[in-house]
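A.B. asks: Below is one structure. I have some questions about it.
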Amino acid sequence: MKLRSALFLAATLVRSQVISNETLDNATSPPKYPTPWIDGSGGWAEAYRKAQDFVSQLTLVEKVNISTGVGWEGEACVGNVGAVPRLGLHSLCLQDSPLGIRFADRVSAFTAGGTVAAAWDRGLWYQRGYDMGTEFRMKGVDVMLGPVVGPLGRMPAGGRNWEGFSPDPVLSGIAVAETIRGIQDTGVIACTKHFIANEQEHFRQGPEGRGYGYNITESLSSNLDDVTMHELYLWPFADAVRAGTGAIMCSYNQINNSYGCQNSYIQNYLLKGELGFQGFILSDWQAQHAGVSSTLAGLDMTMPGDTSFNTGLSYWGTNLTISMLNGTIPEWRLDDMVTRIMAAYYYVGRDTAHTPTNFNSWNKATYGYQHPFVGFNYGLINEHVDVREGHGARIRDAAARSTVLLKNVNGALPLTGKESFTAVFGNDAEDAPYGPNGCPNRGCRNGTLAMGWGSGTADFPYLVSPLTAIQNEVLKNYGIIVSVTDDYAYGEIIAEASQASVAIVFVNADSGEGFINYDGNEGDRRNLTLWGGGDALIQNVTAVCNNTIVVMHTVGPVLVNSFYENPNVTAILWAGLPGEQSGNAIADILYGRVNPGGKLPFTIGSSREDYQTDVMYEPNGLVPQQNFEEGVFIDYRAFDKADIEPVFEFGFGLSYTTFSYSGLNVQKHQVGPYTPTTGTTKAAPVLGNFSTDPSEYQFPENVTRVPLYIYPYLNSTDLEESYNHTDYGSPISDYIPEGATDGSPQPRVPAGGAPGGNPQLYDVLFTVTATITNNGTLTGEEIVQLYVSLGGPNDPRVVLRNFDRLSIGPGQSVTFSADLTRRDLSNWDTVSQNWVITDYPKTVHVGSSSRNLLLEDTLDLGGY
Ligand code: NOJ
């Protein structure tokens with residue numbers, strides 16, 4: 001075992017330098033032990049106390065039961081852990097997804113994360129989280145498996161980017177924090193995922209990759225340096241922890257050649273040490289690869305509990321019980337695992353908010369098996385509770401307010417509904433031929449696109465297609481509306497388009513999770529072009545119609561070169577993945593009921609090369625190595641650095657009115673200098689004691705054994721005989737990393753001290769104000785953006801640091817006001833392992849996009 005990585009040593013020598021290819025090669029992850037124990041800081045004191053009281057009453061097997069899943073399809077939810085009936089604790093239910101309840105009926109299909117990011121609206125994000133949380137609570141879910149900030153969006157073709165928010169860490173960080181607050185205010189635990197650097201689908205898991213025919217032995221390793229980790233990928237997780245996320249899911253990939261769920265550096269040091277995370281880490285499904293080493297590296301709950309689906313074996317369960325009995329794992333560690341789980345439970349108020357699970361992921365029928373995979377215990381499994389609570393109206397509003405107007409000439413938009421001849425084109429305009437839920441996990445191209453594919457989905461209760469909504473609009477005036485929804489029926493398309501006074505063309509591009517390959521897209525997109533021959537479709541329409549409006553439903557950036565400058569394309573809208581109210585939302589924008597205010601949460605470039613980072617499609621070794629050579633330079637930061645002109649830049653979006661900016665003012669606050677956290681923690685608490693006599697942990701005679709179900713019990717009084725022989729998972733480990741079992745007081749991390757890191761990082765150093773005026777005749781909403789130039793030779797030209805969405809009446813002016821914190825103005829220093837404000841001169845910019853920085857001032861950093 002290498003003690004310290006060359007990578008991190010190198011990083012200490014040259015701060016913030018973009019790490020060269022050679023430096024990232026053979027990256028390793030330094031060992032960091034022991035796992036920090038929860039301390040109740042940052043508003044967790046009461047939850048911590050209640051959790052300790054509860055855990056103190058538990059037996060050893062009950063503790064193991066709460067930390068171990070029951071096995072894939074073992075119960076009603078995508079994940080369940082063992083119950084403690086003696087104390088009235090039900091089996092905790094964990095359920096996808098980040099945009100609504102997966103595998104359930106009578107639920108809402110919300111706007112995707114990567115789409116609502118375009119709303120740049122804190123209140124909207126909170127409300128969406130609250131509405132989703134309400135539905136999860138009513139169906140009896142304890143842990144919602146979302147939101148997502150990993151992937152962040154390093155590569156535009158990354159298959160699951162749309163589940164998260166934005167490749168900008170600040171936009172993502174604010175969105176994730178508001179979403180978590182909303183979810184958890186309903187009494188449901190949010191699980192922020194996937195931790196960390198989980199940026200592509202190809203090679204995320206060995207077996208999946210081999211299934212596609214790739215010659216790999218292990219998951220891909222994302223290799224990144226310390227600065228990139230802190231200034232980019234860890235940033236939104238810090239916001240999630242600060243917002244109180246109860247759970248975090250570790251990811252499939254390796255980080256610097258150590259698997260996410262057994263990586264002591266990222267779990268023990270970064271997440272629980274530096275970020276002071278108080279909740280629990282749960283594994284992604286089958287992302288646990290070892291028993292003892294994952295326990296000591298900070299994992300608190302294994303999902304779905306079996307080693308791989310339906311083996312009946314577990315790295316934990318029986319094996320965890322044995323590793324406690326033989327002393328491999330110290331008691332304080334198991335106590336901490338369960339205390340963290342129960343603290344999250346009390347923190348969000350699950351003790352008062354709980355509803356028994358009333359749906360079944362594996363069977364929509366009313367009656368079926370309680371243990372579906374093995375067909376065990378027949379009975380009532382689905383009560384068909386409609387949990388939608390009228391959320392459709394807010395989904396419509398969220399989708400409309402997330403729509404980005406990219407082009408609008410000759411007053412093409414808004415439409416009046418009285419156009420003499422409206423023509424609608426594209427498969428993306430129509431109802432899904434197989435029904436909105438026709439393809440399992442939405443893994444095909446099937447009518448209008450309103451969510452991506454994979455586990456990040458929900459069943460639509462309905463899906464309003466754009467064609468339906470536009471038709472309703474036109475028919476209010478008994479107008480003319482025709483449509484051709486076969487993308488390739490060029491003869492019919494030209495015949496109708498040539499008569500149209502306005503043609504609306506719907507195009508799309510999809511992606512999703514790696515377990516589904518649709519049309520050669522193994523999760524990640526093969527390219528950034530429109531699907532269904534979108535470019536040719538637009539070309540055919542514009543050849544005969546000089547008032548063509550293009551609407552794009554895409555998972556992220558697409559190449560628009562072939563049409564965006566075409567004078568016959570009079571308007572372009574990016575509508576993302578709007579969810580169930582797609583058609584109504586786009587009609588609200590097209591017909592001017594909602595004045596578009598969304599702004600791009602990513603850059604649209606003119607080629608995939610412009611992004612300078614890409615998916616690795618072919619493995620470069622048995623253990624694919626993906627070096628994040630670009631450091632912090634992704635999306636607009638990469639375009640700025642290389643001086644590449646984007647087609648539509650990050651933060652860009654038009655309105656039906658116009659705004660002007662004036663009167664920048666910077667107010668400095670009296671805040672003292674930063675003090676690193678010092679001192680030591682308390683010793684790890686031990687809650688109760690247990691007998692080490694194996695005969696007390698045998699499978700109880702009064703319990704019926706469900707086949708393949710994961711239990712905490714022993715199968716023999718001989719520990720050697722009892723353990724599950726898993727690939728790597730012996731609970732009698734002969735290698736215990738140095739310090740891993742040490743429960744004595746530990747030094748506190750200088751950049752730590754509370755959930756989210758050192759509290760002084762969030763001190764407000766400056767407040768920036770400006771006057772924003774609406775120059776038009778319509779009320780509009782303007783997203784005002786605050787960027788900072790940190791000034792160092794290795795810093796991006798500018799970085800987003802704050803924003804606000806302001807509603808402004810015609811002719812009116814309002815004041816934009818936004819704070820800058822110490823963290824906002826700091827760089828990560830690898831030598832002191834802390835944030836520092838460098839001596840480089842710093843400027844602040846207020847503008848309407850990342851490339852339209854209208855107001856500027858310097859910052860006086862003296863005294864900080
Ligand atoms: C794997 C996915 O990566 C994760 O996001 C999801 O929550 C689990 N499967 C459970 O479905």
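A.B. asks: Loop-only check: which GluC sites (Glu not before Pro) in region 479-574 are DSSP coil with at most 13 other Cβ within 10 angstrom?
C.D. replies: Answer by residue number: Glu565.
A.B. asks: Follow-up question, since we're still on this one. Given a Förster distance of 35 angstrom, what is the FRET efficiency for Asp839 paired with Asn527, based on the Cβ-Cβ distance and rounded to 0.05?
C.D. replies: For R0 = 35 Å, the calculated efficiency reads 0.20.
A.B. asks: Report, in whole Å, the centroid distance computed from the Cα atoms of region 638-691 and region 23-73.
C.D. replies: Cα centroid of region 638-691 versus Cα centroid of region 23-73: 27 Å apart.
A.B. asks: Under 19 Å from a label point 7 Å along Cα→Cβ of Thr311: give me every residue in region 699-718 with its amide N that close.
C.D. replies: 707-715
A.B. asks: Are there any trypsin sites (Lys or Arg not before Pro) in region 652-729 that are in a DSSP loop and have at most 14 other Cβ atoms within 10 Å? List them by number.
C.D. replies: Within region 652-729, the qualifying trypsin sites (Lys or Arg not before Pro) (loop, at most 14 other Cβ atoms within 10 Å) are Lys682, Arg705.
A.B. asks: A follow-up question, please. Would you work out the relative contact order for region 403-597, in percent, from Cα pairs under 8 angstrom that are 6 or more residues apart?
C.D. replies: Computed value for region 403-597: 33 percent relative contact order.
A.B. asks: Between Glu618 and Ser501, what is the spin-label point distance in nm, taking each point 7 Å from the Cα along the Cα→C-beta axis?
C.D. replies: Simple spin-label model gives 5.5 nm for this pair.
A.B. asks: A further question on this structure: Over the Cα atoms, compute the radius of gyration (one decimal) and Dmax (the largest Cα-Cα distance, rounded to a whole number) for region 403-597, in Å.
C.D. replies: Rg then Dmax for region 403-597, in Å: 15.7, 47.
A.B. asks: If you don't mind, there's one more thing I want to ask. Considering only DSSP beta bridges where both residues belong to the chain, give the percentage that are antiparallel (nearest 5).
C.D. replies: 60 percent
A.B. asks: Of Lys50/Lys682; Lys193/Lys641; Lys668/Lys842; Lys272/Lys641; Lys193/Lys599; Lys272/Lys682, which ones are farther than 22 Å apart at the Cα?
C.D. replies: Lys193/Lys641; Lys272/Lys641; Lys193/Lys599
A.B. asks: Now for a different question. How far is helix 122-139 tilted off the main Cα axis of the chain, in degrees rounded to 10, range 0 to 90?
C.D. replies: It is inclined by approximately 50 degrees.
A.B. asks: Give me D for the chain in µm² s⁻¹, whole number, from Stokes-Einstein with Rh from the Kirkwood sum over alpha-carbon pairs, 10 °C and 1.306 mPa s.
C.D. replies: 57 µm²/s
A.B. asks: Same structure again: Just how large is the dipole of the chain about the Cα centre, in debye to the nearest 20, putting +1 at every Lys and Arg Cβ and -1 at every Asp and Glu Cβ?
C.D. replies: My answer is approximately 1460 debye.
A.B. asks: Separate question: Under 15 Å from the Cβ of Asp524, count the other residues' Cβ atoms, weight Lys and Arg +1, Asp and Glu -1, and hand me the total.
C.D. replies: Neighbourhood net charge equals -4.
A.B. asks: Given the DSSP H assignment, sum -39500 (n - 2.57) over each helix run of at least 4 residues in the chain and divide by its residue total; what's the result at 222 nm in deg cm²/dmol, nearest 500? Working shown, then result.
C.D. replies: Working: 20 runs with 174 residues, N = 864.
Taken over the chain, the calculation gives -5500 deg cm²/dmol.
A.B. asks: Let me ask something else. Below 8 Å between Cα atoms, with a sequence gap of 6+, how large is the relative contact order for region 572-700 in percent?
C.D. replies: On the way: 73 pairs, mean separation 36.4, N = 129.
Rounded, it is 28 percent for region 572-700.
A.B. asks: Given a Förster distance of 51 Å, report the FRET efficiency between Ser695 and Ala353 from their Cβ-Cβ distance, rounded to the nearest 0.05.
C.D. replies: Efficiency, from the Cβ-Cβ distance: 0.80.
A.B. asks: Okay, next question. What does the charge count near Ile174 come to, summing +1 for each Lys or Arg and -1 for each Asp or Glu among other residues with Cβ under 13 Å from its Cβ?
C.D. replies: -1
A.B. asks: Provide the net charge surrounding Gln612, with neighbours chosen by a C-beta distance below 13 Å and charges set as Lys +1, Arg +1, Asp -1, Glu -1. Mind dumping the intermediate values first?
C.D. replies: Details: positive: Arg154, Arg608, Arg637, Lys641; negative: Glu609, Asp610, Asp614, Glu629, Glu630, Asp635, Asp640, Asp643.
Overall, the nearby charge balance is -4.
A.B. asks: Going by Cα centres, region 430-456 and region 826-853 are how many Å apart?
C.D. replies: 42 Å
A.B. asks: Given labels modelled 7 Å from the Cα in the Cβ direction, how far is it in nm from Tyr434 to Asn546?
C.D. replies: Once both label points are built, they end up 4.3 nm from each other.
A.B. asks: Looking at this model, which pairs from Lys63/Lys139; Lys63/Lys364; Lys364/Lys476 are more than 28 angstrom apart at the alpha-carbon?
C.D. replies: Lys63/Lys364; Lys364/Lys476
A.B. asks: Something else about it: For region 403-597, give me the percentage of DSSP beta bridges that are antiparallel, rounded to the nearest 5 percent.
C.D. replies: Bridges in region 403-597 that DSSP calls antiparallel: roughly 20 percent.
A.B. asks: Right, here's the next one. How large, in Å, is region 754-814 by the Kirkwood hydrodynamic radius built from its alpha-carbon pairs?
C.D. replies: By the Kirkwood definition, the hydrodynamic radius is 14.4 Å.
A.B. asks: Go ahead and run the numbers for FRET between Asn326 and Asn363, Cβ-Cβ distance against an R0 of 41 Å, rounding to 0.05.
C.D. replies: Computed FRET efficiency for Asn326 and Asn363 comes out at 0.50.
A.B. asks: Given 0.36 nm per residue, what is the gain on full extension from Thr704 to Ser660 after removing their alpha carbon distance, in nm?
C.D. replies: 8.7 nm
A.B. asks: Same structure again: What's the magnitude of the charge dipole for region 403-597 around its Cα centre, counting Lys and Arg as +1 and Asp and Glu as -1 at the beta-carbon? Answer in Debye, nearest 20. Spell out each step's value before the answer.
C.D. replies: Numbers: 8 positive and 19 negative charges, 94 e Å.
Roughly 460 debye, rounded to the nearest 20.
A.B. asks: Alpha carbons only, please: Rg and Dmax for region 386-517, in angstrom.
C.D. replies: That works out to 16.4, 47 Å for Rg and Dmax.
A.B. asks: Also, quick follow-up: Using a 7 Å offset from the Cα along the Cα-to-Cβ direction at both Lys682 and Asp519, what is the distance between the two label points in nm, to one decimal?
C.D. replies: Those two pseudo-labels are separated by 5.9 nm.
A.B. asks: Length gain on complete extension for the stretch Thr777 to Asp25, per 0.36 nm per residue less the alpha carbon to alpha carbon distance?
C.D. replies: Working it through step by step, the gained length comes to 264.9 nm.
FYI, it's all coordinate maths here, none of it is from the lab. A quick note: this is a predicted structure, and the numbers were derived from the prediction, not measured. Backbone-built Cβ (ideal geometry, glycine too); neighbour counts: all protein chains shown.
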